[in-house]
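Novice: Handing you this structure, nothing more for now.
Every number in this text was worked out from the coordinates using simple rules, so none of it is lab data. Just so it is clear, the model here is predicted, and its values are computed rather than measured. Cβ coordinates were reconstructed from backbone atoms using ideal geometry, including for glycine residues, and neighbour counts include every protein chain displayed.
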Amino acid sequence: MAMPPPEFLRDIFQRVDRDKSGLISTNELQMALSNGTWKPFNAETVRLMIGMFDKNNTGQISFEDFGALWKYVTDWQSCFKSFDKDNSGNIDKLELKTALGTFGYRLGDNTVDILMKKFDHHGKGTILFDDFIHCCVMLNLLTTSFSQHDEDKDGVVTLHYEQFLSMVFSLKM
Ligand SMILES: [Ca+2]
Ligand SMILES: [Ca+2]
């Protein structure tokens, strides 16, 4: 999707920035996003997104960062819609498996089951928009980290205890 004109972004930014501080906080972003239910947007997902686009490490989003964040969210929205084949507003196991396959992950049913269980925060056997982003971002971080250790790309790594710890704790999540 192309970037919208700056006036359009400025207008959204000002509505999201409720206290008019010129920066978007975690709370403000959380209130602005919807997962399709009345429940608040997953705070972990909000935190991950702020971390990704907060160039100055202030924990908040400035207008300069906002365009990229806006594009990221709208791209995820269309991605979510395209994988929600039955238009139920959520992703079931089969839809998740198809989505992850399309992203290039070859995961067996057991692994998809584990992901469903971990990210199904409302306990209905389906994943909502916010948890879908969370799931995909974490999978991507873990896969990237694993590949860095898997030098011969055979899908197997040998890690010492402390290498494992440093691998996990250096993840931005
Ligand atoms: Ca603010
Ligand atoms: Ca669905």
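Novice: Quick one: give the max-minus-min coordinate of the C-alpha atoms of segment 6-170 along each principal axis, largest first, in Å.
Specialist: Here the spans come out as 50, 40, 26 Å, largest first.
Novice: Follow-up. Run lengths n ≥ 4 of DSSP H only: what is the helix-derived mean residue ellipticity at 222 nm for the chain, with -39500 (n - 2.57) per run over all residues, to the nearest 500? Mind dumping the intermediate values first?
Specialist: Numbers: 8 runs with 101 residues, N = 173.
Helices in the chain give a 222 nm mean residue ellipticity of -18500 deg cm²/dmol.
Novice: On a straight-distance basis, which aspartates and glutamates could pair with Lys39 in a cross-link, Cα separation under 14 angstrom, same-chain partners fewer than 8 positions away excluded?
Specialist: Asp120, Asp130, Asp131
Novice: Which value, in debye to the nearest 20, gives the size of the charge dipole of the chain about its Cα centre, when Lys and Arg are +1 and Asp and Glu are -1 at the Cβ? Walk me through the intermediate numbers first.
Specialist: Working: 18 positive and 24 negative charges, 72 e Å.
With only Lys, Arg, Asp and Glu charged at Cβ, the dipole is about 340 debye.
Novice: Can you find, among Leu165, Met3, Asn57, the residue farthest towards the positive end of the dipole of the chain? Put +1 on the C-beta of Lys and Arg, -1 on that of Asp and Glu.
Specialist: Met3
Novice: With the dipole of segment 62-155 worked out from charges on the C-beta (+1 for Lys and Arg, -1 for Asp and Glu) around the Cα centre, which of Leu142, Asn87, Thr111 lies farthest toward the positive end?
Specialist: With unit charges placed on the Cβ atoms, the residue in question is Asn87.
Novice: Over 32 Å between C-alpha atoms is what I'm after, so list which of Lys97/Lys172; Lys81/Lys172; Lys20/Lys85; Lys124/Lys153 land there.
Specialist: Lys20/Lys85; Lys124/Lys153
Novice: For segment 61-159, what log10 I(q)/I(0) values come out of the Debye formula at q = 0.18, 0.21, 0.22 1/Å, with one point per alpha carbon and no solvent?
Specialist: Treating every Cα as an identical point scatterer, log10 I(q)/I(0) equals -0.91, -1.09, -1.15.
Novice: When the chain is fully extended, how far beyond the present Cα-Cα distance does Thr37 get from Arg10, taking 0.36 nm per residue of separation?
Specialist: Values: separation 27, 0.36 × 27 = 9.72 nm, distance 2.65 nm.
Stretched fully, the Thr37-Arg10 segment lengthens by 7.1 nm.
Novice: Let me ask another. Cα gyration tensor of segment 13-63, axes a ≥ b ≥ c as square roots of the eigenvalues: rounded (a/c below 1.5), prolate (a/b > b/c) or oblate? Each step should come with its number before you reach the end.
Specialist: Details: a/c = 2.63, a/b = 1.31, b/c = 2.00.
It is oblate, given that a/c is not under 1.5 and a/b is not larger than b/c.
Novice: To continue, here is another question. When you count, for each residue, the other Cβ atoms within 10 Å and take the mean per peptide, how do 45-58, 139-152 rank with the highest first? Don't jump to the answer; show the numbers that get you there.
Specialist: On the way: 45-58: 16.6, 139-152: 12.4.
With the highest mean Cβ count within 10 Å placed first, the list reads 45-58, 139-152.
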